[in-house]
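Structure first, then comments.
No value in this document is a laboratory result; all are computed from the given coordinates. Worth saying up front: this structure is predicted, and the values here are computed from it rather than measured. Reconstructed Cβ throughout: ideal geometry from the backbone, glycine too, with neighbour counts over all protein chains shown.
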Amino acid sequence: MNETGPDGEAASAASLGRLPASDSGIETSSRNGEFAYFYRTCLRKLVAFLMWQGASAALAADLAQDTMLKAYERWDRIQSPEAWSRRVASRELVRAFSRVEESIEELTLEPTSLLPSPGEAAEWERRQEILNLLSGLPARQRQVMAWTLDDYTPTEIAAELGMNPAAVRASLFKARMTVSSRMTEREGD
């Protein structure tokens with residue numbers, strides 16, 4: 001069963017279940033087309049996912065590109081590409097944060113295909129507000145909120161992060177309480 005992507009490219013059922021190419025009979029050109037479709041549909045979401053966790057736009061774009069390169073190299077072995085890419089990118093973000101000793105303010109960037117254009121100012125402001133609310137959360141709570149903002153359930157998050165679902169729900173609860181409290185404080189000001 002083949003589904004057609006927005007550009008008319010075929011995305012096979014194997015892309016949804018991620019059967020290894022040798023088992024699904026997908027030819028190299030078909031795998032390349034499948035990866036290209038994944039890249040186009042998931043890259044921006046991956047950048048946003050990293051920004052939810054506290055990455056600057058430039059760092060998020062770089063890590064997302066690096067993750068996509070790794071995904072392409074391992075494409076035949078990846079069972080769940082979206083979750084895999086989030087897991088790999090999150091690990092790289094933790095490594096990047098541990099390497100950075102000082103916080104450098106983000107420079108003004110020119111619009112690119114990965115970053116919002118000036119015409120999307122309202123959406124950008126909304127995201128900045130969310131990023132500000134999440135910025136003070138502990139790393140684990142920020143990570144759980146990022147997965148939640150990308151529509152993953154606590155059970156799915158627990159499976160991807162190798163955690164107990166109750167621990168995910170507890171982190172999510174604490175994060176929501178902190179964010180709610182901050183929003184109430186801002187409304188009072």
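Extending each Cα 7 Å along its Cβ direction at N164 and A139, get the distance between those two points in nm, one decimal.
My value for the distance between the label points is 2.1 nm.
Going by how many other Cβ atoms sit within 10 Å of their own, how do D76, D151, D66 line up, fewest first?
The fewest-first ordering by Cβ neighbours comes to D151, D66, D76.
What's the exposure ranking of V47, V94, going from fewest to most Cβ atoms within 10 Å?
V94, V47
With a bin width of 10 angstrom, please list the P(r) values of the range 121-189 as percents of all Cα-Cα pairs, from the 0 bin to the one holding the largest distance.
21, 47, 26, 6, 0
What order do you get for R176, R186, R86, R99 when you list them from fewest to most C-beta neighbours inside 10 Å?
R99, R186, R176, R86
Please give the per residue volume of the convex hull enclosing the alpha carbon atoms of the range 33-82, rounded to a whole number of Å³.
68 Å³
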